[in-house]
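See structure below.
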Amino acid sequence: MNVPIVDALAHPMPTSMAEFASYLPRQLASRFHRFTPPFNMGPVAPPVDEAAAWTATEGGLAGSDPLAYLRFMDETGIDQAVLAPVSRGLVPDVRAAAYIAAAINDWLAEKWLDVAPGRFYGSIRLSAREPALALAELERWAGDERFAQVVVTQEAVAPYGQEQYFPIWEAIAAHGLPVMVVSDRARESLTPVQTSFGTPPQFLQYSTFLPYGGVAHLGSLIAEGIFERLPTLKFVFADGGFADAVTLLWRMTMDWRGDRAQVPWVLKSPMDYLGTNARFVVHAADGPLDPARFDKLVSLCGARDWLLFGTRFPYWDSLVPSDIGPKVPVEHSPGFFRGNALDTYPRLVTGE
Amino acid sequence: MKVSDSQQGRTDRRPYEICAVSELGPGQRVIREVPGVGRVGIFNVDGKYYALKSVCPHHGASLCEGPITGTTRAVFGKAGPPKTEWVRDGEIVRCPWHGWEFDITTGKALVGFRWRVAQYDVVLGPSGDGGAPISAPSVGLADGEPDPPSEVSTFPVVAEDGTLWLVI
């Protein structure tokens with residue numbers, strides 16, 4: 001790989017729950033033992049001895065050592081990384097959710113972002129549950145150029161196109177930042193997450209259907225006209241499923257031709273918002289294993305300009321550039337490892 | 001009656017009797033099975049006549065038998081979600097099968113912008129202005145996927161001696 005690569009999705013972890021708790025306000029930290037930890041530790045590199053060497057961290061959780069990740073970057077040709085800490089999904093208490101988001105931001109800024117300026121970029125975690133709290137947290141960080149995007153959890157009480165969230169997206173767009181939607185993979189936790197088909201009981205089931213949550217948010221954003229009101233706003237979907245998005249938006253496009261009058265603010269074919277306003281991070285499970293067929297899938301989906309490389313460090317389903325490179329040849333998709341990310345994240349300083 | 005259409009270079013066009021002018025008032029439509037053409041819908045929209053071939057480019061339904069209606073337009077305000085405004089009442093025909101909306105006055109689909117039913121000019125009186133049928137651009141939908149047939153023919157309509165004639 002000759003191009004300097006951008007990793008659009010890495011998940012830094014705290015070294016311990018105690019470390020993370022130290023960033024929470026006392027009233028929350030002191031009650032920590034009473035409820036689910038606010039940082040998802042579940043499906044990270046299980047079991048550790050089967051994880052790749054670069055996820056192992058001496059004396060801490062996998063993914064908790066910035067220097068270990070930097071070494072991995074150097075070994076694999078990754079120049080810059082967008083760090084998106086996971087959280088706890090849908091936290092029922094909106095105040096607690098806002099505290100947890102703020103603690104993650106404080107922790108990330110202090111423990112990671114100054115380790116490698118210009119190589120590590122952060123994400124402003126927001127809880128979208130309560131717009132006023134989200135806006136306050138956004139304003140606390142939006143001027144800090146070390147942060148390249150906003151992250152909200154995929155788990156939500158209502159799809160993200162609905163009006164209650166609009167002030168958040170409007171403010172984010174005004175700052176010129178993209179929004180990443182990432183599942184916190186909290187669905188196996190004690191907090192059941194509802195889907196239209198009930199509550200998936202095991203990791204196997206919720207992991208399988210993770211992409212659909214992101215696509216459902218995207219369909220909502222399109223159908224509610226958010227991208228017509230905020231034409232520069234970009235959403236990045238972190239849980240894979242780029243081909244699923246094409247399939248489902250093709251379906252939405254079909255129905256829109258007959259139902260357009262219900263949503264006159266959708267001024268173009270729903271498919272056409274892919275790329276201009278929606279980007280997807282590739283997932284290890286996306287598409288066929290055979291490189292030629294995978295490349296064909298990318299072509300059929302028209303995804304060359306909106307598919308981003310991301311490692312998902314340090315998850316068990318992470319990718320290294322050499323895994324995915326043969327499936328997305330640079331000559332066919334020159335933006336996949338770098339250009340698409342730079343177009344998505346204007347704050348990444350390239351020196352070019 | 002002899003009608004020529006120099007714009008098309010055709011001299012073989014012939015009239016087909018539709019109905020008495022008085023039978024097609026504003027807001028009304030008639031459907032005629034025209035020999036050599038097929039089903040054609042003739043509309044009176046606020047006193048102007050339009051004729052569209054009654055074949056939806058989507059799946060071939062008899063488009064012109066669908067509801068004559070208006071449509072919605074989004075009004076984007078400074079604050080709050082966009083509002084819906086009802087516009088073009090009586091100028092839209094909605095396909096009875098899948099609800100695609102077409103502009104009666106142009107034959108164009110309101111969605112996709114790649115879709116158009118062929119339209120026939122309707123001419124009032126023997127000296128009326130014929131005009132050329134509008135052709136649809138041929139634009140692929142996706143990589144290598146051909147456009148479905150996306151055109152219905154349009155015809156002039158002539159009113160003479162109290163009778164409407166379709167010129168085919």
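Per-structure values
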item: Answer residue from region B:78-95, given it is in a loop (DSSP other than H, G, I, E, B) and either surrounded by 15 or more Cβ atoms within 10 Å (Cβ to Cβ) or within 9 Å of chain A (Cβ to nearest Cβ) (or both) and is farthest from the chain's Cα centre (by Cα) among those; result: B:GLY80
item: Members of region A:160-169 that are part of a helix (DSSP H, G or I) and either hydrophobic (A, V, I, L, M, F, W, C) or under 19 Å from the mean Cα position of the chain (by Cα) (or both); result: A:TYR165, A:PHE166, A:ILE168, A:TRP169
item: Residues satisfying the stated conditions in region A:295-318, i.e. surrounded by fewer than 22 Cβ atoms within 10 Å (Cβ to Cβ), at pLDDT 90 or above and of a type in the set (A, V, I, L, M, F, W, C); result: A:LEU297, A:LEU300
item: Residue list for region A:2-27, filter: touching a helix residue (DSSP H, G or I) at 6+ places or on another chain (Cβ under 9 Å), assigned to a loop (DSSP other than H, G, I, E, B) and of a type in the set (S, T, N, Q); result: A:THR15, A:SER22
item: Test: A:THR153 is of a type in the set (Val, Ile, Thr), buried (at least 19 other Cβ atoms within 10 Å of the Cβ) and either at pLDDT 90 or above or at positive phi (or both); result: yes
item: Members of region A:300-316 found to be more than 13 Å from A:VAL281 (Cα to Cα) and assigned to a loop (DSSP other than H, G, I, E, B), listed by number; result: A:CYS301, A:GLY302, A:PRO314, A:TYR315, A:TRP316
item: Conditions (1) within 14 Å of another protein chain (Cβ to nearest Cβ); (2) surrounded by 19 or more Cβ atoms within 10 Å (Cβ to Cβ); number of the one not met by A:GLY275; result: (2)
item: Residues of region A:89-118 satisfying the condition of being crowded, with 16+ Cβ neighbours inside 10 Å and of a type in the set (Lys, Arg); result: A:LYS111
item: Unique residue being out of contact with any Phe, Trp or Tyr (no Cβ under 9 Å at 6 or more places or on another chain), surrounded by fewer than 22 Cβ atoms within 10 Å (Cβ to Cβ), away from chain B (no Cβ under 14 Å) and touching a residue at least 12 places away in the same chain (Cβ under 8 Å) when the list is A:ALA292, A:ALA285; result: A:ALA285
item: Test: residue in region A:320-341 that is in contact with a strand residue (DSSP E or B) (Cβ under 6 Å, 6 or more places away or on another chain) and over 16 Å from A:VAL82 (Cα atoms); result: no
item: Looking only at region A:232-266, and only at residues there that are in a loop (DSSP other than H, G, I, E, B) and among the hydrophobic types (A, V, I, L, M, F, W, C), the one that is nearest to the other protein chains (Cβ to nearest Cβ); result: A:TRP265
item: Positions within region B:62-77 being under 30 Å from A:GLU170 (Cα atoms) and outside any loop (DSSP other than H, G, I, E, B), in sequence order; result: B:THR71, B:THR72, B:ARG73, B:ALA74, B:VAL75
item: Residue among B:GLY70, B:GLY66, B:GLY27 that alone is at pLDDT 95 or above, surrounded by 20 or more Cβ atoms within 10 Å (Cβ to Cβ) and within 29 Å of A:GLN262 (Cβ to Cβ); result: B:GLY66
item: Lone unmet requirement of (1) more than 18 Å from the chain's Cα centre (by Cα); (2) more than 14 Å from chain B (Cβ to nearest Cβ); (3) in a loop (DSSP other than H, G, I, E, B) for A:ASP323; result: (3)
item: Failed item in (1) touching a helix residue (DSSP H, G or I) at 6+ places or on another chain (Cβ under 8 Å); (2) of a type outside the set (D, E, K, R); (3) farther than 30 Å from B:GLU101 by Cβ, with A:ALA285 passing the rest; result: (1)
item: Only listed residue being away from chain A (no Cβ under 14 Å) and either at pLDDT below 95 or more than 30 Å from A:GLU163 (Cβ to Cβ) (or both), chosen from B:LEU52, B:LEU110; result: B:LEU52
item: Pair list, Cβ < 8 Å and 6+ apart or interchain, from region A:156-167 residues that are over 11 Å from A:ALA216 (Cβ atoms) and at the interface with chain B (Cβ under 10 Å from one of its Cβ atoms) to residues that are of a type in the set (D, E, K, R) and not in a loop (DSSP other than H, G, I, E, B); result: A:PHE166/A:ARG229
item: Region B:10-66, subset in contact (Cβ under 8 Å) with a residue 24 or more places away in the chain and of a type in the set (S, T, N, Q), residue nearest to B:PRO96 (Cα to Cα); result: B:SER62
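The values are calculated or read from the model by the stated rules, or taken from the named source; none is laboratory data. Note that the coordinates shown come from a computational prediction; the quantities given were computed from them, not determined experimentally. With ideal geometry, Cβ positions are generated from the backbone for all residues, glycine too; neighbour counts draw on all protein chains shown.
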